[in-house]
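The values are calculated or read from the model by the stated rules, or taken from the named source; none is laboratory data. Note that the coordinates shown come from a computational prediction; the quantities given were computed from them, not determined experimentally. Cβ placement follows ideal geometry from the backbone for every residue including glycine, while neighbour counts extend to all protein chains displayed.
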Amino acid sequence: MKGCKYFKYTSAVKGRVAARLITISKSTNLVVAYCATKALQASENLSIRQNGLIRFLKRDDVSDLMVNDLLHYFHRDNVAYYDEIGKSLKNICYDESITAEKKKVITLYMADHNFFSQADFLLNSLEKREYNRANAPVITGLIEALGRLHVKEAAPLIKEYLNTAETSLQITCVRALGRLGGEENLLFLLNSILRFDFTVRKEIIKVLVNNSEAGIPLLLQFLDVNQKFVSYSRDQSELTIEMEELIRKIRSTARGIRILLPAKVVNSHG
C-alpha cells in the first residue's frame, strides 16, 4: 500500500510498474484495490486510467466517496484534456455492468465540473431511459445534472418526470426547473403546486422565492387569486369533500408562502 501511495504522486506509472499496479487493483481487499487504482491515475496513458477506474467501479463494495475521489484523480481538472476526459466519462456511463448509483455520481461530477460538452449526451440518456426502480438513481442524477448545467432543452422532459409518484424525484425536478429558471418554467411550477403534498409544495415556494424577480410576483398573485376563491367558497352553503380538501391545500400553501417570503414583501402586500 505504501508503494501505491508513492506512485500516486509520480509519473512513473508505465510498463512493469503499471502492470503490477493493475494486478494489485484486482485485489479482493477493497482498500488495497482502491489505493492501486488511485495510483494508476498518475499514468499519462488515458486508457490505463480509464480501464482502472472502470474495473474498480464494477465492484459492489465501493462507496460514493471513493468514486468521487477517483474521479478527481482521473480528471485532474486539466483544461487541456477537458473534451477527452468528458468523452471518457461518457464511455464509462455506457458500461452496463456499472450500477445506476455509481452512474449518478459520475453524472453529478460532470455537472459540478462544468462538462458542458456532454450536455447532449446527458439529455439523450434521460430521453432513452425508462423510469423504474433500477434506473431511478441515474435518472435522478441526470435531471439534477441537466439543471446544474442549465440545459434548457431538458425542461419538457423534466416536467414529465414531475408526474411520478416518488416525492424525492419530484423535488429533484422542482429544483432542476428552478435552476433552469425562465417565466414559463416558474409559471408551470406555480400552476402545478396544488397537485403535490406539502413537502413538494414547500420546495416549489422556495424555488420561486429564490427566483425572486419572476417568482415573487407569481407567489403574490397566487395569494390574491386564491384568497378570493376561499372567500367565495365560504359563502357557499355546502362544500363537497373534494372542495374542502382543495381549500385546505390552498390555506396550507398560502401559510407556507407567507413564511418563506421576505418579511418586507409580506408586509407591503398586506
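Values computed for the structure shown
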{"read-out": "Restricting the stretch 110-156 to residues that are of a type in the set (Ser, Thr, Tyr) and at pLDDT 95 or above, the residue that is farthest from residue 189 (Cα to Cα)", "value": "125"}
{"read-out": "Residue in the stretch 106-117 that is touching a residue at least 24 places away in the same chain (Cβ under 8 Å), more than 21 Å from residue 44 (Cα to Cα) and touching a Lys or Arg at 6+ places or on another chain (Cβ under 6 Å) present", "value": "yes"}
{"read-out": "Residue check, residue 249 in contact (Cβ under 8 Å) with a residue 40 or more places away in the chain, charged (D, E, K, R) and over 19 Å from residue 145 (Cα atoms)", "value": "yes"}
{"read-out": "For residue 143: the one exception among (1) touching a Ser or Thr at 6+ places or on another chain (Cβ under 6 Å); (2) closer than 14 Å to residue 89 by Cα", "value": "(2)"}
{"read-out": "Boolean, residue 179 is surrounded by 15 or more Cβ atoms within 10 Å (Cβ to Cβ) and among the basic types (Lys, Arg)", "value": "yes"}
{"read-out": "Subset of the stretch 223-244 that is assigned to a loop (DSSP other than H, G, I, E, B) and of a type outside the set (D, E, K, R) - its residue that is surrounded by the fewest Cβ atoms within 10 Å (Cβ to Cβ)", "value": "237"}
{"read-out": "Verdict on residue 152 being in contact (Cβ under 8 Å) with a residue 12 or more places away in the chain, surrounded by fewer than 19 Cβ atoms within 10 Å (Cβ to Cβ) and either farther than 15 Å from residue 176 by Cβ or not aliphatic (A, V, I, L, M) (or both)", "value": "yes"}
